[in-house]
1. For segment B:65-132, what Kirkwood radius comes out of the mean inverse Cα-Cα distance, in Å?
2. Taking the full set of protein chains and a 1.4 angstrom probe, give the accessible area of B:THR221 in square angstrom, rounded to the nearest 10.
3. For segment A:179-260, which whole percent of the accessible surface, found with a 1.4 angstrom probe, sits on carbon and sulfur atoms?
4. For A:ASP101, what is the net charge nearby, where nearby means another residue's Cβ is under 12 Å from its Cβ and Lys, Arg count +1, Asp, Glu -1?
5. Select from segment B:29-98 those trypsin sites (Lys or Arg not before Pro) which occupy a DSSP coil region and have at most 10 other Cβ atoms within 10 Å, ordered by residue number.
6. In Å², nearest 100, what accessible area do chains A and B bury in total when the solvent probe is 1.4 Å?
7. How shielded is A:111-118 by partner chains, expressed as the average number of their Cβ atoms within 10 Å of its Cβ atoms?
8. Accessible area per residue, 1.4 Å probe, Å², for the protein assembly as shown: what's the number?
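The values are calculated or read from the model by the stated rules, or taken from the named source; none is laboratory data. This is a predicted model, so every value here is computed, not measured. In this analysis, Cβ positions are derived from the backbone assuming ideal geometry, glycine residues included, and neighbour counts consider all displayed protein chains. Areas reflect the complete protein model, heavy atoms only, side chains present, ligands, DNA and RNA absent. Shrake-Rupley method; radii C 1.70, N 1.55, O 1.52, S 1.80 Å.
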Amino acid sequence: MITSLYCSPRATTGRVAAPKTRLLAVEQVSRRFGSAWALHPISLELAPAEIVAIVGRSGSGKSTLLRLVAGLDEPTSGRILVEGEPLRAGVNPHARLMFQDAALLPWLSVLDNVLLATPRGSDRAAAAKSALDQVGLGARGREWPLVLSGGQRQRVALARALASAAKLILLDEPLGALDALTRLEMQNLIERLWIERRFAAVLVTHDVEEAVALADRVLVMDGGSLVFKTAVTLDRPRKRTSRSFIELKENVLGQVMRSS
Amino acid sequence: MMRAFGSAAAEDAGKSGLQRSTRVARVVAGPLVPWILPVALLIFWQAVSVLGWLPARVLPSPVSVAAAGWRLTLTGELPVHLLESCRRAALGFVIGGGLGFFLGLANGLSRPLHRLLDSSLQMVRNVPHLALIPLVILWFGIGEPAKLFLIVLGVFFPIYLNTAHGVRSVEPRLVEMGRSYGLSKWDLVLKVVLPGALPSILVGVRYALGITWLTLIVAETIASDNGIGYMTMNARDFLQTDVMLLGILLYALLGKLADLMTRWMEGYLLRWNPAYRTA
């Protein structure tokens with residue numbers, strides 16, 4: 001019943017005021033490895049169709065937080081709710097993770113890799129095909145992943161995440177291994193896809209510009225704690241040369257540099 | 001391998017006229033190149049025999065070996081022995097390989113099971129299985145079970161080790177991806193773990209096939225009343241060197257055939273991997 005609310009198409013492009021309903025709620029979640037705290041108790045909320053970027057240096061706990069939300073790891077304390085339902089032990093069924101490397105199965109064709117993620121019941125082949133079309137690789141469905149370039153593989157991974165019709169996409173430095181030009185292309189693609197499909201996402205990155213370009217909110221983490229947060233209210237698609245974009249970027253960068 | 005060597009040589013060529021002409025020769029004779037040496041050897045062997053420099057008691061000529069093969073095919077003796085040997089090899093391979101595969105898979109997937117079994121199995125592995133022959137004869141006599149047991153034992157370890165190793169070295173990222181995309185345990189094994197372990201498993205298969213033939217030769221030579229090994233040993237009693245040689249060459253041929261089959265299987269099953277893509 002609630003789901004229908006999220007799926008309602010929004011006619012306007014550009015920024016949409018987030019509804020009050022929470023898609024994801026992280027409540028005082030922490031994670032300790034042995035005696036070391038990777039993550040101090042942290043709280044975070046995400047509305048449907050909202051992108052939150054988490055920026056921080058290596059070891060700031062941002063990937064740990066993402067893995068907890070994905071259900072690949074269990075918190076030491078606190079709880080994670082999806083649509084008000086606490087996450088049970090095991091993988092978060094509503095979230096799809098995208099890694100730094102595409103993590104495609106090399107023994108399946110590009111299309112089969114996307115097909116793997118599409119939910120049962122629906123017209124899976126059509127959903128997979130249209131997701132591939134959306135990332136501009138519709139013609140390469142029959143090829144093996146190993147013949148694609150790094151950027152193309154990442155686009156397949158993106159198509160796979162989209163085709164899964166998940167409520168929440170978790171991006172763990174998804175563009176970190178790409179060259180600067182491809183990275184820019186991918187950021188534009190993600191922005192365009194977001195305008196079309198309005199998915200909710202948590203983006204973990206150490207690229208401040210990427211965070212400001214894609215996210216509705218940017219959080220800065222350091223030493224396992226949240227040290228700074230800011231909303232990004234710029235219109236989409238965002239112009240990186242605009243004064244407000246640059247100011248915001250400098251501000252966030254300053255916060256990251258100041259930390260630790 | 002041969003192909004890679006050929007193409008590298010072709011790239012090097014083309015610098016001088018002489019090299020260009022060798023390249024032409026290579027392109028024309030490309031697939032025949034590996035056969036030059038064996039054929040030359042056969043011709044030399046035949047010539048030496050015909051000239052009488054090599055007594056037939058020591059080494060009969062290739063033509064007489066072929067004739068012996070033809071003669072035994074007509075009497076029906078050769079097909080029976082060949083079939084018997086192949087059946088034995090296949091049965092032993094399937095049982096031993098199957099056991100090795102499932103135990104390897106289980107141990108690769110389950111850490112407790114691995115801890116429980118692996119070190120014991122590694123210990124047994126260090127005993128050369130052919131060293132058990134006296135014991136095996138004591139247990140099973142000299143009948144069929146003894147031979148099968150030896151083959152099963154020989155095949156088990158390479159398949160077990162390579163399957164377990166392959167399963168454990170599947171990229172954790174891919175397993176994590178599979179979990180994140182909600183694959184069931186069964187799907188995870190079938191679609192992620194097994195294909196990922198396949199290159200390693202196939203190495204085990206190839207190794208095991210070599211062991212199968214080796215074990216078969218020994219087992220059939222020691223005690224048997226059929227199979228190529230029996231045929232060879234029987235021929236020794238009657239000083240039929242041509243039949244003995246025929247048996248030896250048949251073993252070589254069967255081994256080569258099995259190897260070709262695994263190569264073809266690798267080329268097909270691992271066609272997604274550029275490193276294995278052949279023809």
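1. 15.3
2. 50
3. Answer for segment A:179-260: carbon and sulfur cover 54 percent of the accessible area.
4. Summing Lys/Arg as +1 and Asp/Glu as -1 gives -2.
5. Those satisfying the criteria are B:ARG57.
6. Summing both chains' loss of accessible area gives about 2000 Å².
7. Whole-number average of other-chain Cβ neighbours for A:111-118 is 2.
8. 52
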